[in-house]
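Novice: Next up is a structure, given as structure tokens.
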Amino acid sequence: MFVAASTDCFSQLPLGEALARLVDLEYTSIEIALREDGRQLKPSDVLANLESATHACRTTHRLTPCAYYFDMSPEDTQYYAAFGACCKLARATKVVAITVPSSELGTPFNAEIERLRELVRIAHEEQVLVGMKTQSGCLTEDPTTAQVLCDNVKGLGITLDPSHYLYGPKAGANFDNLFKYVYHVHLRDTNKKALQVRIGQGEVEYGKLVTQLGKFRYDRALCVQILDTANADVDHAAELRKLRLLLESLL
């Protein structure tokens, strides 16, 4: 296992500036967020000019890309084509894991199975693994549903975000059943009152998490995803540095 950070940590900045900030904070590996409604690299940008996107993701100030986050509405007519382009980007930059959100609660189960099977099929052609993010408000907010989705879509895995099982509708849910499916991990500190709190004021048991992942021979990133859109009164850079040091001390 190793520590990484998501460019979502500086989502209000252009990609180059976000990378520079993470270098200053002494991170060495990154997840690059590809969000259609974001200020950085968009999936439609990757589809329109794969060569340019590949160059941007290789020009990372000595940071090593270890994962991508793909966020685009499935209703977009370019959805699958853009996902395919992002998988080609992943392969070109030697990245194995790409995360996608699961669909919102209320989405027909069979429709979600079909969508995920198509994403896994596309990704498999580029030797990329697809992980669904565990997230409140989505089908994966229930650990059991998340497991059933993985069991019904061969090759599908989980991007585990334990915060969503500590705060929100499923606070306190046991998610031990998901560890064997984990392809990627998103981390911040969380308690029952807020999704994101200062490091040390939450209830995320980082040591236990690392131990449980180790039992299933997880050897990929522990990716810090402390968002810059919350807790305006908190020293954001200090929190990012603090969690990096904490995670590194556990490895």
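Novice: Show the residue pairs meeting these rules: Cβ distance below 9 Å; 6+ apart or different chains; first residue within the stretch 211-228 and farther than 23 Å from Leu63 by Cβ; second residue part of a strand (DSSP E or B) and aliphatic (A, V, I, L, M).
Specialist: The qualifying pairs are Phe216/Val182.
Novice: Looking at Asp235, Asp219, which one is surrounded by fewer than 16 Cβ atoms within 10 Å (Cβ to Cβ) and under 16 Å from the mean Cα position of the chain (by Cα)?
Specialist: On the way: Asp235 fails: under 16 Å from the mean Cα position of the chain (by Cα).
When all the criteria are applied, what remains is Asp219.
Novice: Read through the list (1) open to solvent by less than 30 Å² (accessible area, probe 1.4 Å); (2) touching a helix residue (DSSP H, G or I) at 6+ places or on another chain (Cβ under 9 Å); (3) closer than 21 Å to Thr54 by Cβ, then give the number of the only condition that Leu156 fails.
Specialist: Going through (1) open to solvent by less than 30 Å² (accessible area, probe 1.4 Å); (2) touching a helix residue (DSSP H, G or I) at 6+ places or on another chain (Cβ under 9 Å); (3) closer than 21 Å to Thr54 by Cβ one by one, Leu156 breaks only (3).
Novice: Working only within the stretch 90-103, note down all residues that are within 20 Å of Gln135 (Cβ to Cβ), open to solvent by 10 Å² or more (accessible area, probe 1.4 Å) and of a type in the set (Ser, Thr, Tyr).
Specialist: Initial filter on the stretch 90-103 (within 20 Å of Gln135 (Cβ to Cβ)): 97-103.
Next, from what is left, pick out any that are open to solvent by 10 Å² or more (accessible area, probe 1.4 Å): 101, 103.
Across the stretch 90-103, the qualifying residue is only Ser103.
Novice: Hey, among Leu41, Leu19, Leu25, which residue is touching a Phe, Trp or Tyr at 6+ places or on another chain (Cβ under 9 Å) and over 17 Å from Lys94 (Cα atoms)?
Specialist: Residue meeting the stated conditions: Leu19.
Novice: Of the residues Arg188, Arg198, which single one is of a type in the set (Lys, Arg), open to solvent by less than 20 Å² (accessible area, probe 1.4 Å), in contact (Cβ under 8 Å) with a residue 12 or more places away in the chain and more than 13 Å from Ser136 (Cβ to Cβ)?
Specialist: Details: Arg198 fails: open to solvent by less than 20 Å² (accessible area, probe 1.4 Å).
Just a single option satisfies the conditions, and that option is Arg188.
Novice: Of the residues Ala33, Ala56, Ala67, Ala48, which is in contact (Cβ under 8 Å) with a residue 60 or more places away in the chain and closer than 19 Å to Ala85 by Cα?
Specialist: Working: Ala33 fails: in contact (Cβ under 8 Å) with a residue 60 or more places away in the chain; Ala56 fails: in contact (Cβ under 8 Å) with a residue 60 or more places away in the chain; Ala48 fails: in contact (Cβ under 8 Å) with a residue 60 or more places away in the chain.
Going through Ala33, Ala56, Ala67, Ala48 in turn, the sole match is Ala67.
Novice: Something else now. Out of Leu213, Leu227, I need the residue that is closer than 22 Å to Asp8 by Cα and touching a helix residue (DSSP H, G or I) at 6+ places or on another chain (Cβ under 7 Å). Which one?
Specialist: Values: Leu213 fails: closer than 22 Å to Asp8 by Cα.
That would be Leu227, the only listed residue that is closer than 22 Å to Asp8 by Cα and touching a helix residue (DSSP H, G or I) at 6+ places or on another chain (Cβ under 7 Å).
Novice: Residues to consider are Gln147, Gln127, Gln135; find the one that is on the phi > 0 side of the Ramachandran plot and open to solvent by 10 Å² or more (accessible area, probe 1.4 Å). Give the steps one after another, and end with the answer.
Specialist: Values: Gln147 fails: on the phi > 0 side of the Ramachandran plot; Gln135 fails: on the phi > 0 side of the Ramachandran plot.
It is Gln127.
Novice: Test Gly172 against the stated conditions and say whether it is open to solvent by less than 10 Å² (accessible area, probe 1.4 Å) and either more than 23 Å from Met1 (Cα to Cα) or not hydroxyl-bearing (Ser, Thr, Tyr) (or both).
Specialist: On the way: open to solvent by less than 10 Å² (accessible area, probe 1.4 Å): no; either more than 23 Å from Met1 (Cα to Cα) or not hydroxyl-bearing (Ser, Thr, Tyr) (or both): yes.
When the stated conditions are applied, Gly172 does not pass them.
Novice: Can I ask one more? Among residues belonging to the stretch 104-124 that are touching a residue at least 24 places away in the same chain (Cβ under 8 Å) and over 14 Å from Cys150 (Cα atoms), point out the one that is least open to solvent (accessible area, probe 1.4 Å).
Specialist: Across the stretch 104-124, the extreme among qualifying residues is Ala123.
The values are calculated or read from the model by the stated rules, or taken from the named source; none is laboratory data. Computed from a prediction, not measured in an experiment: that's the story for all the values here. So basically every Cβ, Gly included, is an ideal-geometry build from the backbone, and we count neighbours across all protein chains shown. To get the accessible areas, we keep the full protein, side chains included, count just its heavy atoms, and leave off ligands, DNA and RNA. Shrake-Rupley method; radii C 1.70, N 1.55, O 1.52, S 1.80 Å.
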